[in-house]
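Worksheet: one structure, shown below.
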Amino acid sequence: MEERTIGLLLDEFEKRLTPYSPEERTRIMDAARWGEAMHGEQKRASGEPYFIHPLGVADILIGLKMDADTITASLLHDILEDTAGTRDQIRTRFGKDVDLMVDGVTKIELLRAKNKTVQEAETIRKMFFAMVKDIRVILIKLADKLNNMRTLQYLKEDRQKAIATECLDIYAPLADRLGISWMKDELEDLALKTLNYEAYEQIKSIVAAKKGERAEYLKKVTNALYKASAKNSIQVSVEARAKHFYSIYQKMRKRNKAADEIYDLLGLRILCSNINECYTLLGIVHQLWKPLEGRFKDYIAMPKANAYQSLHTTVMCYDGKLLEIQIRTFDMHQVAEFGVASHWLYKGGMTNEVVRPGDLTIINRLKEWDGRNLASGEFLEEIKRELLKDSIYVFTPKGDVVELPAGSNAVDFAFHIHSDIGAHTIGAKADNQIIPLTEELKNTQVIDIITSTNAHPHLNWLRSVKTSKARSKIKAWLLNNDETLIFGKNIVAKKKPMSQEANEAAERHARQATSQAVPETSDKQKLAEGQKVGVRAGNERNMMIHFAGCCNPTTGDAIVGYVSRGRGIIVHKKVCKVAQKIPDFPERMIEVEWETISPKITKRFRVTASHSVDLFSEIEGAVRKQKGHLLEGKVEDSGANKLAGFFTMELDNKDDLKKVIQNIRSIPAIVNLQLIQ
């Protein structure tokens, strides 16, 4: 039965290879049959033959119209890890390029580290730098991730959630940065289905319920567009564009509304032949329906970092309904759908509208970062913060465009222009108006930096900058020019001179505290929360910094410093009973504080509750009352007329946690609440 199933799948797979030459089809099918034989009796978690997975990965890449070598490598991407197959066999049978791609994917997969967090960070580091050598390795990895997400239900629940979270954090944004919009959308929707099944099903049912009504409405709009375009002698193709579920979910959270209250679920895409027609069609659309102020974006004049080009506008259409419309050329649409894959798709020279890997911002930034001495966790946080987040585009006074991560400020801009300008920044103007240096910049602002020879970086700049370049330059200047500062263990500290009297007691305490310390736990905690932490104290150079082992303070705790000459600063929680019993503690105490770039904390909890229709929204309201966010949640019937729920929330600081728990416990239906470590 299994042999016949694989045989049928191979036959179906071969039919998908018609775009390739006869020689390429033969080589791809040779790889498929050899790969299937090598994997033999191996099974997936679903119980199906394992080779169904490589076939699925290859099928996704065929949909991206990738070259024959990439399809061949995708069929063999697990050979080195899971079978007795060797690189020599792959190179002899299928060539050097296929061998290098399979080896590249395998090196990402085979990475092992003692610490799981470090392992994940190192895996992602390897993956990103593999992009610089051959971006096809990452396209195989993305297809591998998508195929696994499609069959996630066969894994244990905690593993499902871990993979889905990683997908939202890393792989969906990566697909977006490479310009493959449909893949990003599907990865996000599949992750939402795993992390918040209730919200996913709610959105799905509402979208399905309005499908007929929506089709009639869009037909009326489409006819009006075809008629107006023909009158202006422009040939167009108009497509209905369904909003994907995750984008609707984000709007629900942003606007604090239920899915049935989100009305701008409608979208249309107009495709035409050239750029002039795009702008003509924009005028036609705005003549037919009134545009909404602030909802027009010109990505043709200012393409996104992934080379995406299109005009976006939102109009008040028939019956007062909001309608989002995208206008682009057919070539722009190919780039929007296939992104960097279009480099191989149009290899034969069918069009000039291709995305070359070297043109992508993410590739060029990675080239700049290659060789930088960043710890695994630090690299992962920089990747998430700088390369995978949305970008903004601002102008220099001369009209040059500068791309920065969303949330960047004038200091980031200044260091982007030149290190010396950043180091001597004293003020900034946006659109000729003075702005605070730490204020977030907005799209299309003209930024003018004011400098002074007497100005220099400040420690508090580290709190607000978003780019790794600005952060590293500020740190370097402070280290070289401020002798009162110490950097170490992700801590920045100042120390004030202390009296001589209690040195012996201090040293005894320091030895005791450091011998009790559990640095692995502290480091793991800081890494997991993605924090950049610093402590301010007095003013002395060359000190060691330790976290007290008696209370193990972590980011966000109220803390106090205790200083001893030669042993450094011992950081305690303010409520630490051991610290309060130390002789001469008041005389040797220093005020310290966290220098925290991202103070938010994430907590997971389990609830048992009586049956309640509004349980999910009541819990979300309880979290929101303290300005927190419910990241995901799932409620199931546990029998005995009870519901069991698992939720993850994000809070601004630890002090809010007790209040949120009290709010949730005050909900009438809640029987029990338990935090999950």
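Summary of computed values
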| quantity | calculated |
| --- | --- |
| Filtered residue count, region 37-66, keeping only those that are more than 28 Å from the chain's Cα centre (by Cα), closer than 15 Å to Phe94 by Cβ and in contact (Cβ under 8 Å) with a residue 12 or more places away in the chain | 1 |
| Filter result (open to solvent by less than 20 Å² (accessible area, probe 1.4 Å) and within 33 Å of the chain's Cα centre (by Cα)) within region 266-281 | Leu266, Gly267, Leu268, Ile270, Leu271, Cys272, Cys278 |
| When residues of region 289-309 are limited to those that are open to solvent by 70 Å² or more (accessible area, probe 1.4 Å) and not in a loop (DSSP other than H, G, I, E, B), the one nearest to Gln326 (Cα to Cα) | Lys297 |
| Residue within region 159-166 that is closer than 24 Å to His333 by Cα, within 12 Å of the chain's Cα centre (by Cα) and assigned to a helix (DSSP H, G or I) present | no |
| Cβ-Cβ under 9 Å pairs, at least 6 apart or on other chains, region 171-186 side open to solvent by less than 10 Å² (accessible area, probe 1.4 Å), far side of a type in the set (Ser, Thr, Tyr) and assigned to a loop (DSSP other than H, G, I, E, B) | Gly179/Tyr308 |
| Single condition Leu100 does not satisfy, out of (1) modelled with pLDDT of 85 or more; (2) among the hydrophobic types (A, V, I, L, M, F, W, C); (3) part of a helix (DSSP H, G or I); (4) open to solvent by less than 10 Å² (accessible area, probe 1.4 Å) | (4) |
| Residue check for Gly7: over 38 Å from the mean Cα position of the chain (by Cα), over 14 Å from Thr72 (Cα atoms) and either of a type in the set (Phe, Trp, Tyr) or surrounded by fewer than 16 Cβ atoms within 10 Å (Cβ to Cβ) (or both) | yes |
| Only one of Leu441, Leu462 that is open to solvent by less than 70 Å² (accessible area, probe 1.4 Å) and assigned to a loop (DSSP other than H, G, I, E, B) | Leu441 |
| Filter result (assigned to a loop (DSSP other than H, G, I, E, B) and either open to solvent by 80 Å² or more (accessible area, probe 1.4 Å) or farther than 17 Å from Asp134 by Cβ (or both)) within region 73-97 | Asp78, Thr83, Ala84, Gly85, Thr86 |
| Pick from region 207-236, criterion touching a helix residue (DSSP H, G or I) at 6+ places or on another chain (Cβ under 8 Å) and surrounded by fewer than 16 Cβ atoms within 10 Å (Cβ to Cβ), ranking: farthest from Cys278 (Cα to Cα) | Lys220 |
| Matching residues in region 22-66 - criterion: being part of a loop (DSSP other than H, G, I, E, B), open to solvent by 10 Å² or more (accessible area, probe 1.4 Å) and closer than 21 Å to Gln334 by Cβ | Lys65 |
| Residues (in a helix (DSSP H, G or I) and touching a residue at least 60 places away in the same chain (Cβ under 8 Å)) located in region 189-203 | Leu195, Tyr197, Glu198, Ala199 |
| Residue list for region 461-478, restricted to those being farther than 16 Å from Ala406 by Cα and modelled with pLDDT of 80 or more | Trp461, Ser472, Lys473, Ile474, Lys475, Ala476, Trp477, Leu478 |
| Evaluation of Thr18 against (1) assigned to a loop (DSSP other than H, G, I, E, B); (2) under 30 Å from the mean Cα position of the chain (by Cα); (3) polar (S, T, N, Q) (one fails), failing number | (2) |
| Qualifying positions in region 412-435 - touching a residue at least 24 places away in the same chain (Cβ under 8 Å) and either in a loop (DSSP other than H, G, I, E, B) or surrounded by fewer than 13 Cβ atoms within 10 Å (Cβ to Cβ) (or both) | His424 |
| Residues (open to solvent by 30 Å² or more (accessible area, probe 1.4 Å) and within 27 Å of the chain's Cα centre (by Cα)) located in region 444-459 | Thr444 |
| Checking Phe13 against (1) under 24 Å from Ile180 (Cβ atoms); (2) open to solvent by 30 Å² or more (accessible area, probe 1.4 Å), the condition it does not meet | (2) |
| Any hit, region 333-342, residues being at pLDDT below 60 and either in contact with a helix residue (DSSP H, G or I) (Cβ under 7 Å, 6 or more places away or on another chain) or not basic (Lys, Arg) (or both) | no |
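The values are calculated or read from the model by the stated rules, or taken from the named source; none is laboratory data. Because the structure is predicted, anything quoted here is derived from the model rather than measured. Cβ coordinates were reconstructed from backbone atoms using ideal geometry, including for glycine residues, and neighbour counts include every protein chain displayed. Surface accessibility is based on the protein's heavy atoms, side chains included, excluding ligands, DNA and RNA. Shrake-Rupley method; radii C 1.70, N 1.55, O 1.52, S 1.80 Å.
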